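Shown next, in structure tokens, is the structure this report addresses.
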Amino acid sequence: MGMHSAARPARDAQEARLRLRRTLTPRLTRTQAIITTLFVILGFATTAAMRGNSATNILENTRQSDLVSMLDDLAQREARLQSEITRLENSRETLLGGDQYEALNEAKRRAAALGRMAGTEPVTGSGITLDISGNLSAVTLLDAIQELRDAGATAIQISDRNLRVRVVASTWFADSDNGVTVSGTALAVPITISVIGDATVLTPALQIPGGLADTIGSGGATVTITDSEDVEITAVVPLPAS
């Protein structure tokens with residue numbers, strides 16, 4: 001039987017702790033590392049396959065008319081994005097062309113658009129209003145705002161009988177006793193969401209299967225969507241003190 005040299009005693013407590021840590025720490029061999037990696041890849045592939053099958057089943061069970069509506073909505077969104085790209089490219093060419101009058105007008109248009117997005121100015125224009133009553137949660141309201149933004153809304157206001165709140169990028173939502181709290185303002189249901197944008201795009205987008213109307217209905221609330229040529233948004237976000 002071979003002889004083994006005795007381990008040198010630790011010089012101090014710190015060295016003893018380091019030796020103990022090395023002894024207790026499991027060492028992953030190359031084979032174990034390969035097996036672990038294979039299990040991770042297998043788990044990821046299984047999850048992806050399950051999600052793919054779920055999406056396929058949903059599409060297979062959807063009526064043809066609903067699929068057509070969904071495709072129309074996607075086509076409208078694509079057309080709207082392409083139109084925005086074209087407008088921005090034209091603006092860029094105008095600014096680079098040296099036409100000071102056009103450049104000034106474009107700067108004014110940009111300032112107005114930024115004011116609408118930041119919520120610092122009242123806005124009036126065509127769009128839609130949504131009257132929501134019943135059991136409304138903060139999560140459902142957040143979904144509604146996201147749907148409206150995806151459909152091209154340029155300005156949004158949420159109000160009850162007494163209070164109004166402008167919706168901007170920093171707006172937050174929470175549940176309250178009688179309704180929802182929007183950026184610290186408690187609003188009681190029923191509420192009205194005033195939206196400025198293209199009604200011919202907004203309304204169909206909200207009514208597609210699985211869209212906003214279905215989401216609100218499944219949560220126990222009801223929504224009435226009305227097109228309007230004169231949507232007035234008066235709530236503003238105060239500018240920060242300099």
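Only the coordinates and a few stated rules stand behind these numbers; no lab work does. Predicted, not measured: the structure shown is a model, and the values here were computed from it. Backbone-built Cβ (ideal geometry, glycine too); neighbour counts: all protein chains shown.
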Next on the checklist: If you average the C-alpha positions of the stretch 110-168 and of the stretch 192-225 separately, how far apart do those two centres end up, in angstrom?
Outcome noted: 12 Å
Item to check | Paramagnetic label zone (point 7 Å from Cα along Cα-to-C-beta, R77; backbone N under 17 Å) in the stretch 134-157 | outcome: 142-154
Item to check | Theoretical FRET efficiency, 1/(1+(r/R0)^6), r = Cβ-Cβ of S218 and L239, R0 45 Å, to 0.05 | outcome: 0.70
Checklist entry - Which parts of the stretch 123-143 would a label at N162 reach, counting a residue when its backbone N lies under 20 Å from a point 7 Å out along Cα-to-Cβ? => result 132-134, 136
Next on the checklist: Between E121 and K108, what is the label-point separation in nm under the 7 Å Cα-to-beta-carbon projection?
Outcome noted: 1.0 nm
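Quick one: length gained pulling I41 to S183 fully straight, 0.36 nm per residue minus the C-alpha distance? Could the numbers behind the result be given before it?
Values: separation 142, 0.36 × 142 = 51.12 nm, distance 4.24 nm.
Separation in residues times 0.36 nm, less the Cα-Cα distance, equals 46.9 nm.
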